[in-house]
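The values are calculated or read from the model by the stated rules, or taken from the named source; none is laboratory data. These numbers come from a predicted model, not from an experiment. Heads up, the Cβs are rebuilt from the backbone with ideal geometry, glycines too, and the neighbour counts pull from every protein chain shown.
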Amino acid sequence: MKTSLGPIQYCWSKETVSQFYQQVAESNIPVVYLGETVCSRRRQVKFSDYLALAHMLRDSGKEVILSTLALLEAPSEYTELKKQVNNGEFIIEANDIGAVQAAKEIGLPFVCGPTINNYNLATLNKLHQWGMQRFVMPIELSKTWLSNVIAAEVAANGATLPYEIEVFAHGYLPLAHSARCFTAKQQGLPKDNCQTVCLSHSKGLLAQTQDQQPLLRVNGIQTQSASQIDLSADIAQMQQMGVSYFRVSPSSLKSIEVAENILTKPQLPEPLSCNGYWHQTSGLAQVN
Amino acid sequence: MELLCPAGNLASLKIALNAGADAVYLGLKDDTNARSFAGLNFTPKKLQQAVEYTKKCGKKVFLTINTFPKPGEETRWYQAIDLAAATGVDALIMADISLLDYAHSRYPHLPLHLSVQASATNLGALTLYKEAFNIERAVLPRVLSMKQVRDLSKVTPVDLEVFAFGSLCIMAEGRCHLSSYVTGQSPNTGGSCSPAKHVRWQEDGSNRLTWLNDVLIDKSGIDEQMGYPVVCKGRYTTDENSTASHILEAPTSLNTLSLLPELAKANVVSLKIEGRQRSPAYVEQVTRVWRAAIDSYQSAPEKYQTQQEWNAALNKVSEGQTTTLGAYERTWQ
């Protein structure tokens with residue numbers, strides 16, 4: 001099993017993003033996903049900038065995959081997506097079925113990201129026919145689900161899945177996407193004049209229940225978990241099951257260090273962590 | 001323009017059809033649909049009765065099979081599709097790729113509507129489902145502005161259906177994990193958002209506490225109007241605001257009566273009323289108003305005006321007794 005570094009889900013300045021990927025280039029992380037997945041209004045880092053970073057990372061020996069938007073609304077966003085898919089060099093992480101279509105049309109292999117609904121073997125196999133070579137397990141599914149899918153394929157074809165498995169295993173979970181920008185709403189701004197206020201929340205804005213339980217993290221149009229998923233205790237089990245990639249979803253420069261070491265050295269537990277989905281219960285639960 | 005109304009049971013179905021629905025949609029009494037609540041939905045025998053009654057009225061009935069089977073569970077969903085085909089429903093409303101594939105390959109003449117749970121918002125997504133499974137229609141998620149609906153309608157390879165009225169889901173449907181994050185069950189996996197068994201209310205002095213699987217999602221006054229408790233409509237504090245507020249959305253319903261002319265001009269083929277979980281009285285009230293509005297528009301499109309009494313009647317049955325245009329209106333976003 002290898003570590004993969006997921007795309008940055010937050011709005012960071014171009015300088016911070018460049019610094020982040022310079023450090024990634026110098027790390028031992030073998031697989032890097034990058035690109036804007038949340039909001040097309042974030043224009044700090046343009047696609048051409050991401051492409052330049054992708055070249056730099058590939059030249060440092062990384063496997064590079066370009067991640068695409070999870071929610072496409074305007075025709076211009078689909079046009080931009082097709083441009084990204086047609087980059088001519090890198091495969092993409094499809095985070096919306098529209099990206100699957102765009103990749104399928106030009107015969108480009110793709111990774112299905114965590115926001116593509118893959119709930120059963122027949123769906124996975126259909127996506128594989130269309131070019132899927134790897135899938136990130138949808139976040140709300142469990143180890144039981146994964147072992148059942150693998151077992152179903154073995155029962156049907158006598159071999160394991162003909163595509164790679166990746167698990168979103170560390171970081172804040174993307175729980176939902178909306179037309180509404182909740183960060184702008186917090187500041188009393190409409191989305192069309194958002195002033196990119198999400199720049200001021202490098203890990204999103206923490207929301208708590210009225211009895212002070214951290215619950216959500218507002219990140220523009222995306223709602224995340226307040227707790228970080230941390231499946232480092234399950235690494236051996238994942239390896240045994242045939243998981244190929246352990247995804248670390250970055251939230252700061254520190255995430256690079258986490259990703260570098262997580263498969264080999266025991267990590268200090270995060271103050272707010274969860275692993276419920278993996279154990280087939282509520283996502284926010286911490287099962288020990 | 002079709003008026004498509006919800007039927008949680010046979011009584012609602014008859015009321016909807018008698019009040020002017022052109023078509024009704026319903027689900028089976030199990031977790032093959034995303035409104036799997038106790039006391040709702042149709043057994044195979046009731047489904048047969050529903051189909052017979054609807055056909056006698058000269059109207060249409062669609063069966064919703066819009067959850068996602070997990071490995072080993074598929075048979076229940078395949079049987080639901082087989083039953084639908086045998087019963088003669090007019091279309092299936094589905095989201096899962098494997099189910100669309102199953103239905104398309106076995107029953108190529110049975111029309112398929114892409115459920116909102118498939119979360120298809122763009123030309124690429126619609127093209128894929130059209131090319132792969134020959135879907136006839138797609139239900140658009142409640143994330144597009146009116147302009148975006150209009151833009152999509154100019155290029156779409158399939159008919160478009162939109163939500164016209166009812167509880168407002170503010171997230172891209174079919175890809176929202178807020179319910180499962182708190183309860184372990186989502187519409188996709190368990191057939192409902194905020195399953196009732198996890199909801200608990202507690203009176204605390206002059207406050208009512210709303211718990212979802214022991215997470216406090218709201219604290220309200222005893223007399224305050226409340227909607228069904230869901231995570232996205234709870235009140236929370238943030239690092240920047242210690243006063244609890246509806247940081248995502250307040251309890252409110254979608255009401256697009258004022259957009260009817262624009263939806264018609266965008267060639268939207270069907271207006272969907274949300275609420276299979278609501279009472280027959282709700283279904284009757286909402287159906288009557290929308291029938292009157294559509295008839296009024298169609299008899300004299302240029303003179304159409306939303307009547308005050310229509311909005312008043314709809315407000316009475318709306319969540320929080322308030323309504324919004326939701327994402328159709330840019331300022332809401």
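Listed values, structure above:
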read-out: Tally of residues being in contact (Cβ under 8 Å) with a residue 24 or more places away in the chain, at the interface with chain B (Cβ under 10 Å from one of its Cβ atoms), farther than 19 Å from B:Leu114 by Cα and not basic (Lys, Arg) across the stretch A:103-124; value: 3
read-out: Residue ranges of helices (runs of 4 or more DSSP H) in the stretch B:56-142 with at least 1 members over 28 Å from A:Glu153 (Cα atoms) and at pLDDT 95 or above; value: B:74-87, B:123-133
read-out: Those residues of the stretch A:215-268 which are charged (D, E, K, R) and touching a residue at least 40 places away in the same chain (Cβ under 8 Å), in sequence order; value: A:Arg217, A:Asp230, A:Asp234, A:Arg247, A:Glu260
read-out: Test for A:Ile229: is it more than 9 Å from chain B (Cβ to nearest Cβ), surrounded by fewer than 22 Cβ atoms within 10 Å (Cβ to Cβ) and within 16 Å of the chain's Cα centre (by Cα); value: no
read-out: Subset tally (residues that are exposed (fewer than 11 other Cβ atoms within 10 Å of the Cβ) and either small (Gly, Ala, Ser) or under 18 Å from B:Ile15 (Cβ atoms) (or both)) for the stretch B:289-308; value: 2
read-out: Residues (within 14 Å of chain A (Cβ to nearest Cβ) and of a type in the set (Lys, Arg)) located in the stretch B:314-333; value: B:Arg330
read-out: Given (1) under 30 Å from A:Arg41 (Cα atoms); (2) outside any strand (DSSP E or B), number of the condition A:Pro162 does not satisfy; value: (1)
read-out: Any hit, the stretch B:172-179, residues being out of contact with any Asp or Glu (no Cβ under 8 Å at 6 or more places or on another chain), buried (at least 24 other Cβ atoms within 10 Å of the Cβ), among the small types (Gly, Ala, Ser) and not in a loop (DSSP other than H, G, I, E, B); value: yes
read-out: Residues of the stretch B:234-261 satisfying the condition of being surrounded by fewer than 21 Cβ atoms within 10 Å (Cβ to Cβ), facing chain A (nearest Cβ under 10 Å) and not in a strand (DSSP E or B); value: B:Arg235, B:Asp239, B:Glu240, B:His246
read-out: Residue in the stretch B:172-182 that is among the small types (Gly, Ala, Ser) and away from every other protein chain (no Cβ under 13 Å) present; value: no
read-out: Number of the condition not met by B:Ala244 [criteria: (1) within 16 Å of B:Trp332 (Cβ to Cβ); (2) aliphatic (A, V, I, L, M); (3) touching a Phe, Trp or Tyr at 6+ places or on another chain (Cβ under 8 Å)]; value: (1)
read-out: Scan of the stretch B:198-233 for residues that are outside any strand (DSSP E or B), within 13 Å of chain A (Cβ to nearest Cβ) and not hydrophobic (A, V, I, L, M, F, W, C), ordered by number; value: B:His198, B:Asn213, B:Asp214, B:Pro229, B:Lys233
read-out: Residue in the stretch A:179-187 that is in contact with a strand residue (DSSP E or B) (Cβ under 7 Å, 6 or more places away or on another chain), β-branched (Val, Ile, Thr) and more than 13 Å from chain B (Cβ to nearest Cβ) present; value: no
read-out: Criterion (at pLDDT 95 or above and either in contact with a helix residue (DSSP H, G or I) (Cβ under 9 Å, 6 or more places away or on another chain) or more than 27 Å from A:Asn117 (Cα to Cα) (or both)) met by exactly one of B:Ser12, B:Ser36; value: B:Ser12
